[in-house]
1. With each run of n ≥ 4 DSSP H residues scored as -39500 (n - 2.57), what mean residue ellipticity at 222 nm is computed for the chain after dividing by its residue count and rounding to the nearest 500 deg cm²/dmol?
2. In Å and on Cα atoms, what radius of gyration and Dmax does region 107-205 show?
3. Apply the Karplus parameterisation 6.51 cos²θ - 1.76 cosθ + 1.60, with θ equal to phi minus 60°, to every residue of region 201-211 and state each ³J(HN,Hα) to the nearest whole Hz, in sequence, with x for glycine and proline.
4. Which of 40, 298, 422 moves most in a GNM of the chain, Cα contacts under 10 Å?
5. Can you give the FRET efficiency for residue 238 and residue 376, using 1/(1 + (r/R0)^6), R0 = 35 Å, r = Cβ-Cβ distance, to the nearest 0.05?
6. Where does the chain land on the Kirkwood hydrodynamic radius, alpha-carbon pairs, in angstrom?
7. In whole Hz and in residue order, list the ³J(HN,Hα) couplings for region 305-310 that follow from phi through the Karplus curve 6.51 cos²θ - 1.76 cosθ + 1.60, θ = phi - 60°; x for Gly and Pro.
8. What angle do you read, to the nearest 10 degrees and between 0 and 90, between the alpha-carbon axis of helix 357-372 and the longest principal axis of the chain?
Amino acid sequence: MAGQRIASRAVVVGAGWAGLTAAIRLQQRGVQVTVLEQAPRPGGRAFSFQDTESGVWLDNGQHVLLGLCEAAVALLGESGQETAIRFQRLLSVPVVSSAGRHWLGSQRWPGPLHLVPAVLRYRALSGRERLGVLKAGLAIAGGSPQNSLAEDTKTWGEWLAEHGQTRRSRQYFWDAIGREVMNAPSDEAGAALGLATFSLLLQRGFSGARLGFFIRPLSQVSEQLADYARALGVQILLSHGVSRIRVENGRVVGVLGPKGTWLVDQVVLAVPPDRLAALVSQSGLDGQLAVPAMTFSPIVNAYLFYDRPVWPEEVALLLDEEPAAMVFNRREILGQGHGAVLAVSISAADALRRHLSADLGGAIARRVAARLGIPLPTRTRIVWQPHATFRSRPGIEAHRPEPRTAINGVYLAGDWTRTGWPATLESAVLSGQAAAQEMLAL
């Protein structure tokens with residue numbers, strides 16, 4: 001099939017949630033779309049695999065949605081997957097640490113006030129610290145995106161310190177929430193992303209702050225998104241990588257891969273920034289398409305297997321001197337057919353990379369057992385996501401690209417592009433919609 005030339009109105013490179021969204025929106029507007037994906041499955045980083053020893057399906061990473069993820073929720077509903085995710089009635093997360101057991105949650109109070117009762121009762125902080133959190137929250141809720149970008153010369157931690165937040169306030173409140181959403185601690189993340197993240201959480205009210213759990217393995221969800229795209233007429237070619245983009249006179253005319261050449265008028269490159277940089281270099285386009293220099297922040301997931309149910313709750317946040325860890329009870333979330341398995345997700349896990357998997361699994365298992373008062377598991381399995389998200393740092397928001405590029409007919413999509421969101425499924429969907437809108441506007 002090498003060398004085959006295939007005419008196509010538009011090509012989307014990448015069948016993650018950004019690429020699938022772009023393809024769906026374009027096809028709905030009458031554009032004939034072909035999606036080229038180098039992996040043998042759709043979904044990008046949102047996929048599942050089967051644990052051979054137990055037969056249980058595990059996700060590559062424990063993804064959740066928040067109630068404010070309106071674009072992703074709408075896409076799920078549109079593709080017939082309203083029941084693929086289940087939201088809490090109100091945000092409710094037990095926080096367990098050496099300081100005891102506390103709760104972070106929402107009440108049905110208007111606007112950004114929904115977290116006020118929980119903060120006032122949050123005994124992990126002193127009374128003065130709790131009042132300081134509320135004061136900083138009001139400053140965030142009253143801000144604007146323009147002001148957020150102006151603050152991006154500093155870290156999120158520096159902004160918080162300037163607004164009266166103690167080290168303990170940052171650890172037990174701001175990082176308890178923000179590290180999981182941004183995949184970065186406050187002393188590393190850029191202030192603009194921190195402000196944008198908490199502005200969204202506060203301004204969208206109690207409904208927006210709820211956690212939504214996928215109750216099906218992620219690969220099933222991604223496969224159904226792909227099936228929905230196919231039903232609209234999108235052609236999805238898996239195991240079809242792209243190695244070069246062909247540009248003539250400043251306009252894209254084709255994409256090339258081992259399995260063919262596709263003649264295109266328009267192309268959406270829905271790939272991670274490192275893959276985009278390689279593609280640009282291989283195509284000899286370094287002077288025409290600028291790719292921001294981004295590094296990645298890892299997430300490690302530890303799956304703990306038990307011979308019986310050991311814990312009755314859905315989720316908990318472990319906070320102490322070690323990196324914060326979110327514990328998800330997959331039996332409670334997905335149902336009895338998914339075994340007695342706890343998934344422990346640790347964001348911004350750079351400090352843990354030096355550990356062997358067996359040692360790391362044992363350390364996480366002991367920590368969970370001690371904090372939750374449950375037995376040790378019969379087995380652990382470590383799953384690393386070394387390129388889980390782009391690494392937030394001061395100044396990075398200004399370098400996240402818009403969908404339109406300097407090359408006519410070439411557009412960018414991906415959770416790392418300029419969406420105003422952290423690198424999440426919502427950001428991926430928003431980026432795909434933005435790329436499609438830019439293409440259709442011509």
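What follows is calculated from the coordinates using simple rules that are stated; it is not laboratory data. Here the structure is a predicted model, which is why all the values come from computation and not from measurement. FYI the Cβ positions are ideal-geometry reconstructions off the backbone, even for glycines, and counts take in every protein chain you see.
1. Numbers: 14 runs with 143 residues, N = 442.
Result for the chain: -9500 deg cm²/dmol, rounded to the nearest 500.
2. 12.4, 36
3. 5, 7, 6, 7, x, 5, 5, x, 7, 5, 7
4. For the chain, modelled as a Gaussian network with Cα springs under 10 Å, the answer is 40.
5. Numbers: r = 40 Å, r/R0 = 1.15.
So, using R0 = 35 Å, E works out to roughly 0.30.
6. On the way: mean 1/r = 0.0441 Å⁻¹.
It is 22.7 Å.
7. Using θ = phi - 60°, the values come out as 9, 10, 8, 7, x, 10 Hz.
8. 40
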